[in-house]
Amino acid sequence: MTEPEPLYDGPDPFLQGVTAKWAAYLETLPDVPRTIDAILARIDGQLKAKAWLQLHTAEHGPALDKAMAAWWRVARQWKSPEELLQIVADIESGKTRAVSAEEAFPGFEARQAALAARPQAERDADMQQAIDEQTRIHDERNTQSQAYLAALHQLIADEHRYLAVQHADRRKRALGEPPYDR
């Protein structure tokens, strides 16, 4: 059995709990400011909705710190479409070396052959398990998306109420009446 990799033990709280090797890699990437807005600005798609929900529902304190650190690490590694296109261009031009699947994932072909040699019933059961897991993940994402949309609707409704109060206050001031009683 191999020894587990040592964990990062430096002063950065956003790197606590990851391996020292992973922390060293993260430190080589472009920095992302440690704010909710900066983290969310860096992430795209469905992950942004998940991040927004987790960051805005975490209670102030350790739960929020943990969510911020986790999503900051994701944001730090996130590649924009432009960055991905540049990576592909660098590989195609030879500037960055491409590696074979076998080199990147040693033993991949042997594992694929072993999987193919299994009885059909086992493969079917595994396929059904994978389908069930994907369905569960899809349902979970839908639930998160619904919660995200509900939170956005509430935010919009709150903003409408705020603007209505401001408008009423301005109108009263313009008519010389006392301002809106808060």
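Do you know the Lys pair count in the chain for C-alpha distances under 19 Å, with sequence separation 8 or more or different chains?
Here the count comes out as 5.
If you take the alpha carbon atoms of the chain and fit the smallest convex hull around them, that volume is 223 Å³ per residue.
Ignoring everything except DSSP H segments at least 4 long, calculate the 222 nm mean residue ellipticity for the chain; use -39,500 (n - 2.57) per segment, divide by total residues, nearest 500.
Working: 8 runs with 126 residues, N = 182.
Using -39500 (n - 2.57) per qualifying helix, the result is -23000 deg cm²/dmol.
Expressed as a fraction of 2.2 N^0.38 Å, the value expected for a compact globular protein of N residues, the C-alpha radius of gyration of segment 1-61 is 1.37.
Using C-alpha pairs below 8 Å separated by at least 6 residues, the relative contact order for the chain is 17 percent.
Per-peptide packing, taken as the mean over residues of other Cβ atoms within 10 Å, places 115-128, 143-156 in the sequence 143-156, 115-128 from highest down.
Please state the equivalent ellipsoid semi-axes for segment 28-83: what are the square roots of 5 times the Cα gyration tensor eigenvalues, largest first, in whole Å?
On the way: eigenvalues 77, 32, 11 Å².
In descending order, the three semi-axes are 20, 13, 8 Å.
What number does segment 81-124 give for Rg over Rh if you use C-alpha atoms and the Kirkwood radius?
Values: Rg = 16.7 Å, Rh = 13.1 Å.
Taking Rg over the Kirkwood Rh, I get 1.28.
Sequentially through segment 24-32, phi angles give Karplus couplings (6.51, -1.76, 1.60; θ = phi - 60°) of 4, 5, 4, 5, 7, 7, x, 6, 10 Hz, Gly and Pro residues having no value and appearing as x.
Amide H contacts under 5 Å for Leu7: Ala20, restricted to partners 5 or more places along the chain or on a different chain, H placed in the peptide plane at 1.01 Å from N.
No value in this document is a laboratory result; all are computed from the given coordinates. Everything numeric here is computed off the predicted structure, so don't read it as measured data. As a convention, Cβ positions derive from the backbone with ideal geometry for all residues, glycine included, and neighbour counts pool all protein chains shown.
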